[in-house]
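Data first, discussion second: the structure below is written as structure tokens.
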């Protein structure tokens, strides 16, 4: 598999098989992904991988507090503007359409949202934190690490779902992961083998054409 194939095949999987993943494979994956770039080679990330009893403890804590805690940052800006608002709306509508949940069925939509707290059945959860004193450039470094993990996972036959949902549980995760006080949770990621029979995994999110977001100048062959 080449990089282009991994990029094309990567999706956000929301239904996993329970098959365990060897710890040696997880470590190899994370160590390979650490070649991701970071400004000044700061490598500002900290990554925790949970499975088995530690992961079940976390999920039990989330079930006991379904409304979450006060997030340390807003995942989305307030009052999203166009075209961002429409893109987010369409993504949600397409996702719920795969599992037959209409817009007016709010209890069913909330039940699906709650599956984030179960990592959609994935056997491994990855959690990314960084020092509170760093800024947006270092947050983007963590994003590049996460993308590298996701592409390497595809190469290894694994599936992922990046989950900023976990920003809703900063105190719980800090406690479970023994985070130092100067570190904050940025995101989580479900990791495992995709349940290919699950309808929700048929979702392929839409992408705007190049002309909407790209511009090329000085090229004579385009």
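Only the coordinates and a few stated rules stand behind these numbers; no lab work does. No experiment lies behind these values; they were computed from the predicted model shown. Quick reminder, even Gly has a Cβ in these numbers, built from the backbone with ideal geometry, and neighbours come from all protein chains shown.
Miscellaneous remarks
- Over the stretch 1-151, Cα pairs under 8 Å with separation of 6+ residues give a relative contact order of 55 percent.
- The stretch 174-222 and the stretch 1-61: distance between their alpha carbon centers, rounded to Å: 13 Å
- The stretch between residue 57 and residue 79, if pulled fully straight at 0.36 nm per residue, gains 4.4 nm over its current Cα-Cα span.
- Neighbour-count ranking [beta-carbon atoms within 10 angstrom, fewest first] of 129, 12: 12, 129
- Estimated inter-spin distance, residue 171 and residue 104, nm [label 7 Å along Cα→Cβ]: 3.9 nm
- Taking N as the residue count of the stretch 176-222, its C-alpha radius of gyration divided by 2.2 N^0.38 Å amounts to 2.17.
- Going from the fewest other Cβ atoms within 10 Å to the most, the residues 86, 51 appear in the order 86, 51.
- Estimated FRET transfer efficiency (residue 115, residue 7; beta-carbon r; R0 25 Å; 0.05): 0.45
- (1) 33; (2) 25; (3) 55, with the label sought being that of the calculated percent of Cα pairs over 28 Å apart: (1)
- Separation of the residue 35 and residue 67 label points, Cα + 7 Å toward Cβ, nm: 4.8 nm
- Spacing of the two label points (7 Å from each Cα toward its C-beta) at residue 215 and residue 86, in nm: 2.0 nm
- Three-way shape label, the stretch 52-167, alpha-carbon gyration tensor, a/c 1.5: rounded
- Counted by neighbouring Cβ atoms within 10 Å, the residues 189, 144, 216 run from fewest to most as 216, 144, 189.
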